[in-house]
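J.: Would you mind keeping the following structure in view while I ask a few things?
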């Protein structure tokens, strides 16, 4: 039998972290060598224990999961980072991918899915939670969104604005982007607040003025 895959678990919520450690301890072929409560600890423990995989929470105090992933990709490129996110629509998923994360899991993933993701990442593959993969694919289909956005718009808000310009309803945007209609409504309210638009027509005019949409 091959040597067990060595894992560092990083999550700022003690109950979640301890639960993951307990779960992984029951899985064959996986050994948890350390657990961290923030990104800085994850970096230090990786240097100390040289794991095969770091199971990295995205949102942590201080150095978050994206920043820690970026530093690990530079200092320990041989270590695979599998990012944990609470929601598939988390805006930081794409940022973590750009930082060098190899795989993604939502915290609702079951033990079999977690085990498969860790073993796949250790083998050089890129495991993706189906919800996260659908989210990434849907975002890619939205179209080009400039890297620099006006008035503090986030990339997700710009994507929603592009779809408003395409004439989609809230429900259609939700289906297209794999979001809930409540989440879409929240994004639209934020778009209106940031752009000063009072309705969808004004938001579309704003998007045209800033070359987010054409026509």
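J.: Taking residue 24, is it modelled with pLDDT under 95 and more than 21 Å from residue 93 (Cβ to Cβ)?
T.: yes
J.: Would you mind stating whether residue 88 is at pLDDT below 80 and either surrounded by 19 or more Cβ atoms within 10 Å (Cβ to Cβ) or in contact with a strand residue (DSSP E or B) (Cβ under 6 Å, 6 or more places away or on another chain) (or both)?
T.: yes
J.: Output the helices (runs of 4 or more DSSP H) that fall wholly within the range 1-82 and possess 2 or more residues being in contact with a strand residue (DSSP E or B) (Cβ under 9 Å, 6 or more places away or on another chain) and farther than 17 Å from residue 111 by Cα, or say none.
T.: Ranges flagged: 39-49, 65-75.
J.: Being within 19 Å of residue 94 (Cα to Cα) and outside the structural domain of residue 95 (by TED's automatic domain parsing): is that true of residue 176 here?
T.: yes
J.: How many residues are more than 18 Å from the chain's Cα centre (by Cα) and surrounded by 15 or more Cβ atoms within 10 Å (Cβ to Cβ) if we restrict to the range 50-62?
T.: 2
J.: As an exercise: evaluate residue 118 against (1) over 15 Å from residue 5 (Cα atoms); (2) in a helix (DSSP H, G or I) and give the number of the one condition it does not meet.
T.: Result: residue 118 fails condition (1) only.
The values are calculated or read from the model by the stated rules, or taken from the named source; none is laboratory data. All figures in this text were calculated on a predicted structure; none of them were measured in a lab. In this analysis, Cβ positions are derived from the backbone assuming ideal geometry, glycine residues included, and neighbour counts consider all displayed protein chains.
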